[in-house]
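For reference, the structure is listed below as structure tokens.
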Amino acid sequence: MISKALEEYIKTMYVLKKQNGNIRVTDIANKMNCTKPSVNKALNNLKEEKLVNYETYGTIELTPEGENLAKKILEAYDIVYLFLRDVLNLEDEQAKTEAEKIKSTITDETINKLAKYVHKVLGIGNLDCNYDINKEKCRCCIRTTKRRTINVKEEEGN
């Protein structure tokens, strides 16, 4: 189990990789508004946890475990964000800000329960698969349900 601060580094690296195709210490520092020595310390801690491959002044790569953790962190943020925006009707920017704060303190168990509620209330899908943020089952349920909904709408249109 890593700290919430290290989770933020993992998430930021994943986003940078998706946006830029690579991960650099300078980009991490700029995005997180911190110093390069702080980034290097975090990278060394993440390397010890086998979440990144990194040599000083070398390339930074997320390991498969690091990438999976980043996806989990982002998914948890998305669930909280959707709840705040679409269920509580917060303005978009406020929902983003609040989701960041909440995500940094909420447990996986609470996220799992919130996800089930959000998916139920928003009609995204039936989470009879026993949604668990540590598994990716829910994504299949959501895709399947969306496909079924689209097919039903197309049939109703004919």
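The values are calculated or read from the model by the stated rules, or taken from the named source; none is laboratory data. Predicted model, so just to flag it, every value in this text is computed and none were measured. Cβ coordinates were reconstructed from backbone atoms using ideal geometry, including for glycine residues, and neighbour counts include every protein chain displayed.
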Identify the single condition in (1) touching an Asp or Glu at 6+ places or on another chain (Cβ under 6 Å); (2) surrounded by 16 or more Cβ atoms within 10 Å (Cβ to Cβ); (3) more than 22 Å from Lys103 (Cα to Cα); (4) not aromatic (Phe, Trp, Tyr) that Ile73 does not satisfy, given that it satisfies every other one. (3)
Looking at Thr145, is it modelled with pLDDT of 80 or more and surrounded by fewer than 18 Cβ atoms within 10 Å (Cβ to Cβ)? no
Please work out if Lys96 is closer than 30 Å to Asp27 by Cβ and either surrounded by 14 or more Cβ atoms within 10 Å (Cβ to Cβ) or modelled with pLDDT of 50 or more (or both). yes
Those helices (runs of 4 or more DSSP H) completely within the stretch 1-59 that have 1 or more residues that are more than 19 Å from the chain's Cα centre (by Cα) are 25-32, 36-48
Starting from residues that are charged (D, E, K, R) and within 15 Å of Ile23 (Cβ to Cβ), keep the ones in the stretch 51-90 and report whichever is modelled with the lowest pLDDT. Glu55
Among the residues in the stretch 103-124, are any among the aromatic types (Phe, Trp, Tyr) and at negative phi? yes
Go over the candidates Gly66, Gly58, Gly21 one by one and state the one that is more than 27 Å from Val121 (Cβ to Cβ), of a type in the set (Gly, Ala, Ser) and surrounded by 18 or more Cβ atoms within 10 Å (Cβ to Cβ). Gly66
